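Asks: Take this structure first; my questions come after.
The values are calculated or read from the model by the stated rules, or taken from the named source; none is laboratory data. Computed from a predicted structure; not experimentally measured. Because the Cβ atoms are built from the backbone with ideal geometry, glycine has one as well, and the counts that use them run over all protein chains shown.
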Amino acid sequence: MTDEGRPVRPFRKPAAAAGVRNDAPALDALLARVARGDEAAFEQTYDQVADAVFGLVRRVVRDPAQSEEVTQEVLVEVWRTASRYEPARGSAMAWIMTMAHRRAVDRVRSEQAASDRQARAANREQVVLYDEVAEDVEARLDRERVRRCLDTLTDLQRQSVALAYYEGYTYREVAELLTVPLGTVKTRMRDGMIRMRDCLGVEA
Amino acid sequence: MNDDLHTLAGAYALDALPEDDRARFEGHLARCEACLQEVRGLREASGQLGVAVAAPAPARLRTQTLARIAEVRQLPPAVPEVADLAAERARRPRRRPLLAYGLAAACLIVALFSSFLAVRWQQDLSHERATAQAVAAVLSAPDARTVTAPVQGGSATVVVSQSRSSMVFASSGLRQLPESRTYELWLMSPAGARPAGLLRPDADGRTNPVVNGTLGDARQVGLTVEPAGGSPQPTSTPFLVLDLPA
C-alpha cells in the first residue's frame, strides 16, 4: 500500500480544518487516544471537527433537526470506529468528513424523492459558501482558498462537483439536471476534483 | 486499468455513485493501487469542500453527543487478516505452510460461523446444525484449498474441496445495503453463472458462511449487488471474482 508508494500527504497546513488552532493537538494523535477509550480526547476531537461536520451535513440535508441528528450520528461513529482509522490512508479530517458526507447523502437519498430535490435545486446551481458565520482567521483563509480553487474550474466542472457534493446528487441525477451525457459528467467530476486537489495542494 | 471504471474515481470521491456502481468500483479499488492513491487524494480535496462550509454546531449537540458516547461500545482494532497471517507464516521456514494457511482460514470461518450461530441459535437450530456439518465436511476434506482476497473494507475467503465438489464462502467488511438490495454469490463456469446464495452482512460487515455442494465445472465465484430476493442471473459485473483452485 502506501508504504511502498508515495505517501498520502494530508492538508498542506496542519491546521487546515475550520476552527483548528495551531497549538491544538493533531487530530490523528487525538484519534489514537479516542480509540483507547479516552473521553477527554474525544471532547477535544469534538471541538476541532463539530463545526465542519455540522456545516457540511446542514448544507446537504438542510432540515435543521435532521442535520443535528446526522451530525450526532457521525460524531458517535467517530468514537465507535476510531480504532479503524489508519493515518497511512489519509488525514483524520478527510476520514471524518468522508463519514459525514456519506451519512448526509444516505439520509437525503433515503428520505426524499429525487423529483423533490430536482425541483428544489432548479435554481441553485451556483456554489454558495456560507458567509454568515463569525469565524476565526484560519477558517476564513481555508474558505477563501477553496473558493479560489473552485473559481479555477470550468463551469461544467464546478456545477458537477457542487451538485454532487453539496446537494448529494448521484452523477446520473447531475447529468439529468445539467442535460449532459453521463460520460461527460463522470469525466468532469474526475478532472474537476483532480484540479481541486492540485490547487489545494493535497496529494496522494 | 479499466478506463471506464477508473473514470468513476471523481464521482466516488464525491459519493455520487449509485449503490451498484459503488460496489463495482470498490471491487475494482481492491485490485488497483493507482486508483486507490487517486481516490485518497480526491478525498482530501472533497474533505476541504466540506470544511469550507463549516457552521457553528448548536451547543446542545455537544452535551448530547458527549453523553451519548458514554453508552456506546467502541469497535476493537482490526486484527491482521487471514492473508497477512499466512504471509507472516510463509516468511518463516515452515514445513507445511499450506496447512497453516488453511487452518487460519478455517479458524476464521469457524469463528464467523460460531458468532452467527450464537445470534441465530433460536431460529431453526436443526438447519444451522446441518449447515455447520456441511461446513465442517468441506474444511476437513483432505484436498481443501483456500483462496482469500480483499473486498471493500475486509476480506473474502473461499475454501474448496474438489473431491467433495463443495465450497464454503465467508467474508468480512462488506458495506451494509439498503433493504431493497442484497449481495448475491455466483458460481461461474464457461457455461455461465449459477446463483450460490444471498449474503446479508451483520452490523460489523461479516456474512454467515455459505456452503455449496454442487461445484460442478465452476471455476470462479463472484459477488454482485442484486435487488432484494436475488436474481436468477447477475444484473451487473461482479465486483469480486475469486478463482477456485483446481
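Asks: Quick check on the range A:153-168. Is at least one of its residues of a type in the set (A, V, I, L, M, F, W, C), modelled with pLDDT of 90 or more and either in contact with a strand residue (DSSP E or B) (Cβ under 8 Å, 6 or more places away or on another chain) or more than 16 Å from B:Asp15 (Cβ to Cβ) (or both)?
Replies: Keep residues of the range A:153-168 that are of a type in the set (A, V, I, L, M, F, W, C), which gives A:153, A:156, A:161-164.
Those left that are additionally modelled with pLDDT of 90 or more: A:153, A:156, A:161-164.
Imposing the further condition that a residue be either in contact with a strand residue (DSSP E or B) (Cβ under 8 Å, 6 or more places away or on another chain) or more than 16 Å from B:Asp15 (Cβ to Cβ) (or both) reduces the set to A:153, A:156.
Yes, some residue in the range A:153-168 is of a type in the set (A, V, I, L, M, F, W, C), modelled with pLDDT of 90 or more and either in contact with a strand residue (DSSP E or B) (Cβ under 8 Å, 6 or more places away or on another chain) or more than 16 Å from B:Asp15 (Cβ to Cβ) (or both).
Asks: Here's a follow-up. Hey, among the residues in the range B:172-182 that are without any contact (Cβ under 8 Å) to a residue 40 or more places away in the chain and within 8 Å of the chain's Cα centre (by Cα), which one's surrounded by the fewest Cβ atoms within 10 Å (Cβ to Cβ)? Write out each step before concluding.
Replies: Going through the range B:172-182, the residues without any contact (Cβ under 8 Å) to a residue 40 or more places away in the chain turn out to be B:173-174, B:176.
Add one more test, that the residue is within 8 Å of the chain's Cα centre (by Cα), and what stays is B:173-174.
Details: B:Gly173: 18, B:Leu174: 25.
The qualifying residue surrounded by the fewest Cβ atoms within 10 Å (Cβ to Cβ) is B:Gly173.
Asks: If you don't mind, there's one more thing I want to ask. Within the range B:217-246, work out how many residues are of a type in the set (S, T, N, Q) and part of a strand (DSSP E or B). Steps first, answer last, please.
Replies: As a first pass, look at the range B:217-246 and keep what is of a type in the set (S, T, N, Q): B:220, B:224, B:231, B:233, B:235-237.
Pick out the ones that are also part of a strand (DSSP E or B) and you get B:220, B:224.
Summing the residues that are of a type in the set (S, T, N, Q) and part of a strand (DSSP E or B) in the range B:217-246 gives 2.
Asks: Looking only at the range B:26-40, filter to residues that are touching a helix residue (DSSP H, G or I) at 6+ places or on another chain (Cβ under 8 Å) and among the hydrophobic types (A, V, I, L, M, F, W, C); which one of those is nearest to B:Gly153 (Cα to Cα)?
Replies: Among them, the one singled out is B:Leu29.
Asks: Which members of the range A:188-204 meet the condition of being at pLDDT 95 or above, facing another protein chain (nearest Cβ under 8 Å) and surrounded by fewer than 20 Cβ atoms within 10 Å (Cβ to Cβ)?
Replies: Scanning the range A:188-204 gives A:Asp191, A:Ile194.
Asks: So, one more: Filtering the range B:66-84 down to residues that are surrounded by 16 or more Cβ atoms within 10 Å (Cβ to Cβ) and part of a helix (DSSP H, G or I), which residue is nearest to the other protein chains (Cβ to nearest Cβ)?
Replies: Among residues in the range B:66-84 that are surrounded by 16 or more Cβ atoms within 10 Å (Cβ to Cβ) and part of a helix (DSSP H, G or I), the one nearest to the other protein chains (Cβ to nearest Cβ) is B:Ile69.
Asks: Name the single residue that is nearest to the chain's Cα centre (by Cα) among those in the range A:88-110 being modelled with pLDDT under 95 and surrounded by fewer than 18 Cβ atoms within 10 Å (Cβ to Cβ).
Replies: A:Asp106
Asks: If I filter the range B:43-59 for residues that are more than 7 Å from chain A (Cβ to nearest Cβ) and either touching a Pro at 6+ places or on another chain (Cβ under 9 Å) or more than 25 Å from A:Ala88 (Cα to Cα) (or both), do I get at least one hit? Please lay out each step first, then the result.
Replies: Applying the first criterion (more than 7 Å from chain A (Cβ to nearest Cβ)) to the range B:43-59 yields B:59.
From what's left, either touching a Pro at 6+ places or on another chain (Cβ under 9 Å) or more than 25 Å from A:Ala88 (Cα to Cα) (or both): B:59.
Scanning the range B:43-59 turns up at least one residue that is more than 7 Å from chain A (Cβ to nearest Cβ) and either touching a Pro at 6+ places or on another chain (Cβ under 9 Å) or more than 25 Å from A:Ala88 (Cα to Cα) (or both).
Asks: Under 7 Å by Cβ, and 6 or more places apart or on different chains, what pairs join a residue from the range A:145-166 that is at positive phi with one that is small (Gly, Ala, Ser)?
Replies: From residues that are at positive phi, there are no pairs.
Asks: While we're here: Can you work out which of the residues in the range B:174-201 that are over 22 Å from B:Thr131 (Cβ atoms) and small (Gly, Ala, Ser) is modelled with the highest pLDDT?
Replies: Taking the range B:174-201 and keeping what is over 22 Å from B:Thr131 (Cβ atoms), we get B:175-181, B:188-193.
The next check asks that each one be small (Gly, Ala, Ser); those that pass are B:180, B:189, B:191-193.
Numbers: B:Ser180: 78, B:Ser189: 84, B:Ala191: 80, B:Gly192: 84, B:Ala193: 87.
Ranking the qualifying residues of the range B:174-201, first place goes to B:Ala193.
Asks: Oh, and also: Restricting to the range B:200-216, count the residues that are touching a residue at least 60 places away in the same chain (Cβ under 8 Å), outside any strand (DSSP E or B) and within 13 Å of the chain's Cα centre (by Cα).
Replies: Here the count works out to 3.
Asks: Let me ask another. If you take the residues of the range A:125-149 that are farther than 11 Å from B:Ala52 by Cα and at pLDDT 75 or above, which of them is nearest to the other protein chains (Cβ to nearest Cβ)?
Replies: It comes out as A:Cys149.
Asks: Can I ask one more? Is it the case that A:Tyr169 is touching a residue at least 40 places away in the same chain (Cβ under 8 Å) and not in a helix (DSSP H, G or I)? Steps first, please.
Replies: Working: touching a residue at least 40 places away in the same chain (Cβ under 8 Å): yes; not in a helix (DSSP H, G or I): yes.
So A:Tyr169 passes the test.
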